[in-house]
1. Can you tell me which of (1) touching a Phe, Trp or Tyr at 6+ places or on another chain (Cβ under 9 Å); (2) under 17 Å from Met155 (Cα atoms) is the one Ile223 doesn't meet?
2. Scan segment 490-507 and tell me whether some residue there is more than 28 Å from Arg396 (Cβ to Cβ) and in a helix (DSSP H, G or I).
3. Give the residues of segment 210-223 that are of a type outside the set (D, E, K, R), in contact (Cβ under 8 Å) with a residue 40 or more places away in the chain and over 11 Å from Met200 (Cβ atoms), sorted by residue number.
4. Working only within segment 325-360, note down all residues that are basic (Lys, Arg) and surrounded by fewer than 18 Cβ atoms within 10 Å (Cβ to Cβ).
5. Tell me, which strands (runs of 3 or more DSSP E) lie completely within segment 611-707 with 2 or more residues that are at pLDDT 90 or above?
6. Is at least one residue of segment 93-112 more than 27 Å from Ala293 (Cβ to Cβ) and surrounded by 16 or more Cβ atoms within 10 Å (Cβ to Cβ)?
7. Of the numbered conditions (1) at pLDDT 90 or above; (2) part of a loop (DSSP other than H, G, I, E, B); (3) out of contact with any Gly (no Cβ under 8 Å at 6 or more places or on another chain), Gly456 fails exactly one; give the number of that condition.
8. Take the residues in segment 361-410 that are among the hydroxyl-bearing types (Ser, Thr, Tyr) and in a loop (DSSP other than H, G, I, E, B), then tell me which one is surrounded by the most Cβ atoms within 10 Å (Cβ to Cβ).
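The values are calculated or read from the model by the stated rules, or taken from the named source; none is laboratory data. Just so we're clear, the structure is a prediction, and the values are computed from it rather than from any experiment. Cβ atoms come from the backbone with ideal geometry, glycine included; neighbour counts cover every protein chain shown.
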Amino acid sequence: MGTTWDGDGVNLSVYSRNAERVEWCLFDEGGTVEIARLPLPARDGDIWHGYLPGAQPGLLYGLRVHGPYAPEHGHRFNPSKLLIDPYAKALYGTYRWDDAVFGYAHGPHGIGEGADDRDSAPFVPRSVVTAPLPGPRLRPARPRTPWIDTVLYEMHVKGYTMRHPGIPEALRGTVAALSDENLIAYWQALGVTTLEWMPMAAFLDEQEVAGRGLTDYWGYNPIAPLAIHAPYLATGDAREMVETIDRLHAAGLEVVIDVVLNHTAEAGAEGPTLSLRGLDNASYYRLQQGCPARYVNESGCGNTLDPSQPAVIGLFHAALRYWACDIGVDGFRFDLATLLGRWDTGQFDASAPLWRTIAADPDLRDLKLVAEPWDASAHGNALGAFPSPIREWNGRYRDDVRRFWRGDGHSRAAMATRLAGSADIFSRRGRCPGMGINFITCHDGFTLADLTAYAGKHNEANGFDGLDGNNDPGMEIDGREGETQNADLLAARRCRRRAMLGTLALSRGVPMLLAGDELSRTQLGNNNAFCQDNAISWLDWSALGDPTRDLSDWVAAALRLRRMFTFPRVDAFYTGTSITGEIDDRDIRWFEPDGGELDAQAWENGAQCGLGMLVSGTVSANGPRERVFLALNPGKTSRAFHLPAPAGATTWRIVLDSDKGACTAANAVVAYGSGVQLAAHSMLVLVAVPDGGYVTQPIAHARSSTM
């Protein structure tokens, strides 16, 4: 599908079940003059195709499709509108909002008085014929990091380097910048294994956003699922991304990209005609039953693609194969993934065609596949319902961990469930803790620094009168919000951030960090910065080495503990049974701060007073016992914790302290059965020192905070 250059000419194939004629429109080298309209001469079933001898890569083209303009029957053909080839691997030119891009003469609900006959070509990007990327060659092998060792790092390709002083200005904000050897060293030292890039496919600015002088910074308004968003390429050539991924693979780092397959930038019935709407509206989109002039809008973006249609699945499959097999990415995060398997009945189908298609493709099925398991519909949440091997963003983890560290009452039981791997969600159908992607923050919502510094959202810069973004509360301390010079308040916020990052690192399941949280990145309280392509969203690298903002050493230490310990990386649920037969040697035990074990009544009625978690396991068949105690105090005041004293050891070693941020020789060892004092909003991690002198290695800072 799309265009294919064979060395002698170019073949074009497009799908349209309901079209009457398809024209291949050719443009001059500057893209301004339409030099030919060539009707595609052949039709096989619903595939229209034609071959142009002598055509070369670089040819600029578009489509014009003839057929009925009958919105009341679901058809919106309009040959006055130049269409982007949905299979295009590159676009030329920029999109501009103009009334000519709308397929209808202005009227109610995008129907109007009929089709609009103005030519939209001056305002729409051209599709580009591309040469095949270099054929089989010696590329670095995929790292294929096992899921139990994976640490995801969600990042915006542009915003990550726009303010980085070590990146040449011409490369800032591009894919090429991410191959910088100093950045690679930074990620390796931090302990992340897999970079999760926000949408990379070509996207447009929404009309309302553009009208406010802003842009769709996040990229969730797609128009060509196989084309790399042109501003992300310093060279304009897709090989730039191939070469960057090769360098990352050589360094042992993976790349997962966020793909938006549930909707397009054509929006609702009042939206523009840019591609699929004009190619065959009724075949590609879900239309309302009884009113096909209107769209099903379970994406919240105006339209929803129809994954029950073979043409839609074919487009999705081609896009995934291109990114994986040609570009070389290691997997995908599926935006609003429930919509990729939801039918008109509203029912989510775990065996929907897309999941079966991926499972049958040997090049795709073993990649890292992650679902966002909800959408904008009233019945949108399908957390825990996806088929293996698809992992899922665990929104319940985010919500429950926030509740606990905010100090909400009656949140201990939920917190314990999340620390232990979310068995309530993932224990069905033989699934394991590693099916859940644990996170506390992501691109959508507060950054970690803002979560601990604001009571609620401050989205005034977006221009939507504060109506955009979710209304989840933050965690301000003593009612004080935002920027401050108060040293005690800053220290308390850092302590709480470290505690949450430590919780994330040591929970069963796969952790995901939001890039910049380790540097206290702030969006000034904006929890919906989708339209802020500026310093509000870009990572401020001046935080590196600043003791009031830089938590990267803490994150590195917490992730080293995760690698050193076995308990966070066991892909099985705790059983609560004894390993040795002794009642005090169960694989997991829960404690009150006073040392008493939590019983059913305490879980149900306990006030928010802290939580202790003791895990036991074996490092190897004949190795020493691994006993680790997590003491968590989300309260507003310091609290004493009585340490448990299981048999076989005499002392505890503190290896992580969110209050101090590091462990020193003076405070590192504590006797069994004694107590420790936890600061407000803090956590301690202690490792048992077994009888016989075995000592877990201390967690030291291994790098400098300079780059």
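1. If we test Ile223 against (1) touching a Phe, Trp or Tyr at 6+ places or on another chain (Cβ under 9 Å); (2) under 17 Å from Met155 (Cα atoms), just (2) comes out false.
2. Yes, segment 490-507 contains a residue that is more than 28 Å from Arg396 (Cβ to Cβ) and in a helix (DSSP H, G or I).
3. Ala210, Gly211, Leu214, Thr215, Tyr217, Trp218, Tyr220, Asn221, Ile223
4. Arg356
5. Result: 611-618, 625-633, 639-642, 649-657, 675-678, 682-690.
6. yes
7. Only one criterion in (1) at pLDDT 90 or above; (2) part of a loop (DSSP other than H, G, I, E, B); (3) out of contact with any Gly (no Cβ under 8 Å at 6 or more places or on another chain) is unmet by Gly456, namely (3).
8. Ser377
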